[in-house]
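Asks: First the structure, which I've put down as structure tokens, then a few questions once you've had a look.
None of the figures in this text is laboratory data; all of them are computed from the coordinates on show. Quick caveat, the model's predicted, so the values are computed rather than measured. So basically every Cβ, Gly included, is an ideal-geometry build from the backbone, and we count neighbours across all protein chains shown.
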Amino acid sequence: MKHLKIKISEAIDFANLTIDAFDTELLMCFVKKVDRSYLYAHRNEFLTKEEKIYFFELVEMRKLKKPLAYLLGKKGFWKNDFYINSSVLVPRPETEILVEKILDYDLTGKELLELGVGSGVISISLGLENHKLSIIGTDSSIDALTVANINSKKLNSENVIFLNHDWNNKWLFPKMDFIVSNPPYVSKSELIGNEDGIWFEPEMALFSDDAGMTDIKTIIFKSINFLKNNGKLLLEHAPNQAKKIVKEAKKAGYTKIEQINDYNGLSRVSILS
Ligand SMILES: C[S@@+](CC[C@H](N)C(=O)[O-])C[C@H]1O[C@@H](n2cnc3c(N)ncnc32)[C@H](O)[C@@H]1O
């Protein structure tokens, strides 16, 4: 195998023994810099030595459950492909619910703060949807902000600025119409053992103490002082945190609490005002 010349179809069949067939095709397209129709039309084409080595290296990493987004360097979110590397969380489809919900409001001339931007998917998607919405996006990770800025430049988003800020430190923001966050909310102790891929993601993007509630609580309690009259805090969370969020929100002084289900019918987003 090491010295053998190998055709596209043979490499794909071999990879399919260990990883998902769709992932195999995407990796082959990535290595060959072609689309899927090219693969079907050129099944008998031989891979170069470099292509063969690179392809099987990627297959090996996928076998170890490294997320496809890190191998391909991109992930689709809302209406665009975003650059992704291992300093940021791989954006999840359920996070699009936050975007969808915010777009239900009249955003023209409004100000929005995102806490924990990661790759920038939420802020940039919102900014591109409404050019008259002013957005400040923050993260405590400089590496994440670098990725967010790359995406902002790539997608020409002009109404978003990214700042380095840790929400455990002092907040010096003006009052906002909207504060939005998909904070770390996974409880490490509640992992069930089949979440292999997440070990490739930054721990600070995923885990929070106190059954995943520590960062959520900080954001709930601090945000209320940075919302304008009728301002709203929108938070993504785990379904089993929904009741605790209601309790914390009331304690912090929010009077209106709406909770939205995800595509599996599980409570995933809370809107506090
Ligand atoms: C779950 S990720 C969300 C990333 C992105 N918004 C998304 O939805 O894909 C949480 C983000 O919060 C950031 N973060 C964690 N702790 C933070 C803190 N104390 N202050 C500011 N940002 C923090 C992480 O670096 C990470 O980028």
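Asks: Pairs of Cα atoms under 8 Å, at least six residues apart: use those to get the relative contact order of the range 36-145, whole percent.
Replies: Working: 116 pairs, mean separation 21.6, N = 110.
This gives 20 percent for the range 36-145.
Asks: Over 24 Å between C-alpha atoms is what I'm after, so list which of K175/K250; K101/K222; K188/K256; K5/K66; K217/K256; K110/K244 land there. Working shown, then result.
Replies: Working: K175/K250 20 Å; K101/K222 22 Å; K188/K256 30 Å; K5/K66 27 Å; K217/K256 17 Å; K110/K244 29 Å.
Those over the limit are K188/K256; K5/K66; K110/K244.
Asks: Taking the Cα centre as origin and putting +1 on Lys and Arg beta-carbons and -1 on Asp and Glu beta-carbons, what dipole magnitude results for the chain, to the nearest 20 debye?
Replies: Numbers: 36 positive and 37 negative charges, 49 e Å.
The dipole of the chain has a size of about 240 debye.
Asks: Rounded to the nearest 0.05, what FRET efficiency is calculated for F221 and N80 with R0 set to 51 Å and r the Cβ-Cβ distance? It would help to have the intermediate numbers written out before the result.
Replies: On the way: r = 33 Å, r/R0 = 0.65.
Efficiency at R0 = 51 Å is approximately 0.95.
Asks: Say each of I260 and D210 gets a label point 7 Å from the Cα, pointing the same way as Cα to Cβ; how far apart are those two points in nm?
Replies: Spacing of the two 7 Å Cα→Cβ label points: 2.6 nm.
Asks: Ok, one more. If you put +1 on each Lys and Arg Cβ and -1 on each Asp and Glu Cβ, how big is the dipole of the range 8-64 around its Cα centre, in Debye rounded to 20? All intermediate terms of the calculation are to be shown ahead of the outcome.
Replies: Numbers: 8 positive and 11 negative charges, 18 e Å.
That gives a dipole near 80 debye.
Asks: On a full-extension model of 0.36 nm per residue, what is the gain between E158 and K247, subtracting their alpha-carbon distance, rounded to one decimal in nm?
Replies: On the way: separation 89, 0.36 × 89 = 32.04 nm, distance 3.78 nm.
Gain on extension, E158 to K247, equals 28.3 nm.
Asks: Along the charge dipole of the chain, Cβ charges K/R +1 and D/E -1, which of G253, L145, G197 sits furthest on the positive end?
Replies: G253
Asks: Now for a different question. Which residue, N229, L112, H165, has the largest displacement toward the positive end of the dipole of the range 77-272 when charges sit on each Cβ (Lys, Arg +1; Asp, Glu -1)?
Replies: The residue sitting farthest along the positive end of the dipole is N229.
Asks: Another one. Considering Cα pairs under 8 angstrom that are at least six residues apart, work out the relative contact order of the chain and quote it in whole percent.
Replies: That works out to 14 percent.
Asks: Here's a follow-up. What FRET efficiency, computed as 1/(1 + (r/R0)^6) with R0 = 25 Å and r the Cβ-Cβ distance, is obtained for D166 and K228, rounded to the nearest 0.05?
Replies: On the way: r = 23 Å, r/R0 = 0.94.
My answer for the efficiency is 0.60.
Asks: Then there is this: Assuming a ≥ b ≥ c are the square roots of the Cα gyration tensor eigenvalues, decide whether the range 77-272 counts as rounded (a/c under 1.5), prolate (otherwise, with a/b larger than b/c) or oblate. Working shown, then result.
Replies: Details: a/c = 1.42, a/b = 1.05, b/c = 1.35.
Verdict is rounded for the range 77-272.
Asks: In sequence order, what are the phi-derived ³J(HN,Hα) couplings for the range 232-246 according to the Karplus relation 6.51 cos²θ - 1.76 cosθ + 1.60 with θ = phi - 60°, rounded to whole Hz, with x for glycine and proline?
Replies: Once θ is set to phi - 60°, the couplings for the range 232-246 become 10, 9, 10, 10, 8, 7, 7, x, 6, 9, 4, 5, 5, 5, 4 Hz.
Asks: Roughly what would the spin-label model give for E45 and W199, points 7 Å off Cα along C-beta, in nm?
Replies: Placing both labels 7 Å along Cα→Cβ, they lie 3.7 nm apart.
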